[in-house]
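Visitor: I'd like to ask some things about the structure below.
The values are calculated or read from the model by the stated rules, or taken from the named source; none is laboratory data. Just so you know, these numbers come straight off a predicted model, no measurement behind them. When we count neighbours, we look across all protein chains shown, and the Cβ atoms used for this are built from the backbone with ideal geometry, even at glycine.
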Amino acid sequence: MSKRPDLNDRIVEMVPHLRRFAWSLTRRAADADDLVQSVIERILDRGVPDDVELKKWMFRVCRNLWIDGLRATKTRMEAVPELETRVGTTLSSEQIASDQVMVARTREAIDTLPPVYREVMTVIGIGGASYKEAAAMLDTPVGTIMSRLGRARAMVAERTGYHDK
């Protein structure tokens, strides 16, 4: 691991790219800023391997910290909007209960996916990354990302019992 003197300058150059990437994961400016700060702290504290490209390394650290944060704080629970009555629409208690069961089943189904599928589902489905962004983050071809996402969605549909009719 290297802590070269020019590392600070190179990190500063990468901040706008890293911030956009962090925002694509978190979808909230404040959360993206916090994530960027955590990445920079981690890089400055631990350095960068000599044989890696800084931008890719920072993106990988960012993704890993984001996923760790999802797991640690149960952000996935907050990522699903609360079921609430829409303006001018009153939902029956049966509909609300049914929707809550569907959300719980979906959450459980995502949690039980094999790691490679859950990761793609999280990065794209919850984080909102594009296929291209996900491919770069996960260092995987775009076609593989699309395939894994399709399989992940099919597994979630199978496990929840909610299939296209």
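Visitor: Test Ala79 against the stated conditions and say whether it is farther than 30 Å from Trp57 by Cβ and either of a type in the set (Gly, Ala, Ser) or at pLDDT 75 or above (or both).
Guide: Criteria not met by Ala79.
Visitor: Every residue in the stretch 11-51 that is over 22 Å from the mean Cα position of the chain (by Cα) and in a loop (DSSP other than H, G, I, E, B), please.
Guide: Those that are over 22 Å from the mean Cα position of the chain (by Cα) and in a loop (DSSP other than H, G, I, E, B): Gly47, Pro49, Asp50, Asp51.
Visitor: Under 15 Å from the mean Cα position of the chain (by Cα), surrounded by 16 or more Cβ atoms within 10 Å (Cβ to Cβ) and not in a helix (DSSP H, G or I): is that true of Ala129 in this structure?
Guide: yes
Visitor: Can you tell me which residue is surrounded by the most Cβ atoms within 10 Å (Cβ to Cβ) among those in the stretch 103-126 that are touching a residue at least 40 places away in the same chain (Cβ under 8 Å) and charged (D, E, K, R)?
Guide: Ranking the qualifying residues of the stretch 103-126, first place goes to Glu119.
Visitor: To continue, here is another question. Return yes or no: is Arg4 more than 25 Å from Gly128 (Cα to Cα) and either out of contact with any His (no Cβ under 6 Å at 6 or more places or on another chain) or at pLDDT 90 or above (or both)?
Guide: In short, yes.
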